[in-house]
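Student: Okay, handing you the structure first.
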Amino acid sequence: METKKVKKLISFVLPAYNEEKNIPQMFDDIKAVISSLENKYRYEIIFINDGSSDNSWAEIIATTQKDNGVKAINLSRNFGHQSALEAGIENAMGDAVIMLDCDGQHPVEIIEKLIEKWESGFKIVNTIRKDTEGVSRFKKITAKFFYSLINRFSDTKIIPGSADFRLIDRIVADTIKKLPEQNKFYRGLINWVGFPTGYVEYNAKDRRFGKTSYTLKRMYKFAVDGLTGFSNFPLTIAKYIGLMIMAVGTLTLLSMLLLTLIGSSHFPIWVYLIVLVFLLNGLQFIVLWFIGNYIGRIFNQQRQRPNYIISEKINF
Ligand code: UDP
Ligand code: MG
């Protein structure tokens with residue numbers, strides 16, 4: 001009996017927060033890409049309305065009526081970009097899941113390249129923003145600072161200029177679905193899970209309509225999630241402070257004793273007291289460092305990330 005080969009399913013995941021004007025255009029753009037791929041793939045387009053206060057949800061519903069490949073998820077309130085992505089990824093059925101912004105900044109023209117890379121064997125295809133004409137100076141500087149910080153202190157490296165515009169294979173989607181941690185930071189997590197990773201470059205465009213919802217406050221939260229999610233370095237800062245104070249204090253005390261012994265100077269008792277208090281302070285920092293170690297262990301434990309991820313098994 002001849003088995004008919006089923007076409008692979010591609011899921012598009014688009015989080016939307018106040019994007020009423022961008023949604024119809026986004027749908028048209030993706031449809032245009034799909035029409036050139038339709039003989040090889042099936043598709044679903046998932047819009048996640050992240051508690052928008054404009055007409056985004058009505059626009060999304062209108063889109064579902066135009067095309068039954070469009071699926072819609074309405075969150076009860078605004079949960080933030082990363083959580084909206086999570087809702088989309090968890091509900092996507094595709095053999096590959098492509099996530100991109102809803103505002104036109106992520107060019108759909110490179111989607112074919114993402115799919116080609118995936119077909120050539122990459123399980124993750126990240127994108128790298130090459131030219132940033134659509135990105136403000138302020139964002140460029142803060143982003144640069146953030147990526148250098150995270151890449152210095154964390155084991156999971158994140159390429160500067162990466163955005164939440166990428167393709168992931170089903171196996172990667174299933175793996176990150178199983179991670180129970182709160183406040184998922186996808187830019188880190190997707191690199192953390194491993195798997196062969198490919199890259200495609202693109203030029204960022206200007207947002208079509210509306211304005212960015214990454215305010216300073218949100219950028220701060222995003223950065224803190226990224227840093228604390230992938231680095232326990234801040235917990236060990238007390239170590240350096242403590243060791244430094246102890247070293248300086250001990251050296252001071254020793255030289256004072258030495259000078260007294262050889263009789264060249266004499267120090268009043270309050271000087272000794274000051275040095276003693278200084279040393280005690282250093283001791284406190286050392287104890288904080290120990291406590292930090294335990295907190296780090298508890299933190300690693302409660303995230304419940306697996307100790308390994310298998311990508312293939314043979315002859316089992
Ligand atoms: N977004 C979201 N929830 C939010 C904020 C943003 O779903 O709370 C979506 C937004 O609609 C867009 C993407 O996440 O599709 C990126 O947001 P934005 O364009 O505001 O960020 P920027 O591109 O400026 O970093
Ligand atoms: Mg944007």
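The values are calculated or read from the model by the stated rules, or taken from the named source; none is laboratory data. Quick caveat, the model's predicted, so the values are computed rather than measured. Virtual Cβ from ideal backbone geometry, glycine too; neighbours counted across all protein chains shown.
Student: Could you pull out the residue among Val200, Val275 that is out of contact with any His (no Cβ under 7 Å at 6 or more places or on another chain), away from ligand 1 (no atom under 16 Å from the Cβ), under 30 Å from Glu86 (Cα atoms) and among the hydrophobic types (A, V, I, L, M, F, W, C)?
Tutor: Residue meeting the stated conditions: Val200.
Student: Restricting attention to the range 12-40, which residues are more than 11 Å from ligand 1 (Cβ to nearest atom), touching a residue at least 40 places away in the same chain (Cβ under 8 Å) and surrounded by 15 or more Cβ atoms within 10 Å (Cβ to Cβ)?
Tutor: Within the range 12-40, Phe12, Lys21, Gln25, Phe27, Asp29, Ile30, Val33, Leu37 meet the criteria.
Student: Among (1) buried (at least 19 other Cβ atoms within 10 Å of the Cβ); (2) within 16 Å of ligand 2 (Cβ to nearest atom), where does Lys140 come up short?
Tutor: Here Lys140 clears every test but (1).
Student: Oh, and also: Just for the range 103-117: of the residues that are within 16 Å of ligand 1 (Cβ to nearest atom) and farther than 21 Å from Leu9 by Cβ, which one is surrounded by the fewest Cβ atoms within 10 Å (Cβ to Cβ)?
Tutor: Once the filter is applied, the top-ranked residue is Pro107.
Student: Read through the list (1) outside any helix (DSSP H, G or I); (2) within 16 Å of ligand 2 (Cβ to nearest atom), then give the number of the only condition that Gln82 fails.
Tutor: Of (1) outside any helix (DSSP H, G or I); (2) within 16 Å of ligand 2 (Cβ to nearest atom), only one is false for Gln82: (1).
Student: Only helices (runs of 4 or more DSSP H) wholly contained in the range 206-316 count here; list those with 3 or more residues that are closer than 30 Å to Asn78 by Cα.
Tutor: Passing ranges, in order: 216-230, 269-303.
Student: Let me ask something additional. I'd like to know if the range 6-13 contains one or more residues that are of a type in the set (D, E, K, R), outside any loop (DSSP other than H, G, I, E, B) and in contact with a Phe, Trp or Tyr (Cβ under 8 Å, 6 or more places away or on another chain).
Tutor: Yes: one or more hits.
Student: Here is a list: Asp131, Asp155, Asp169, Asp174. Which entry is within 16 Å of ligand 2 (Cβ to nearest atom) and acidic (Asp, Glu)?
Tutor: The conditions single out Asp131.
Student: Determine whether Arg152 is modelled with pLDDT under 90 and under 14 Å from Leu100 (Cβ atoms).
Tutor: no
Student: If you don't mind, another one. Taking the range 1-17 as the search range and keeping residues that are of a type outside the set (D, E, K, R) and at pLDDT below 95, which one is nearest to the chain's Cα centre (by Cα)?
Tutor: The extreme case among them is Val6.
Student: State yes or no: is Arg187 within 20 Å of Lys130 (Cα to Cα), touching a residue at least 60 places away in the same chain (Cβ under 8 Å) and within 13 Å of ligand 1 (Cβ to nearest atom)?
Tutor: The answer is no for Arg187.
Student: Taking the condition among the hydroxyl-bearing types (Ser, Thr, Tyr), under 28 Å from Asn281 (Cα atoms) and at pLDDT 85 or above, does Tyr240 pass?
Tutor: yes
Student: With the structure loaded, tell me whether Tyr43 is away from ligand 1 (no atom under 11 Å from the Cβ) and assigned to a strand (DSSP E or B) or whether it fails that test.
Tutor: yes
Quick grid of which residues meet (1) surrounded by 10 or more Cβ atoms within 10 Å (Cβ to Cβ); (2) under 21 Å from the mean Cα position of the chain (by Cα):
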| residue | (1), (2) |
| --- | --- |
| Arg208 | yes, no |
| Thr215 | yes, yes |
| Arg218 | yes, yes |
| Gly226 | yes, yes |
| Thr250 | yes, no |
| Thr260 | yes, no |
| Phe267 | yes, no |
| Ile310 | no, no |
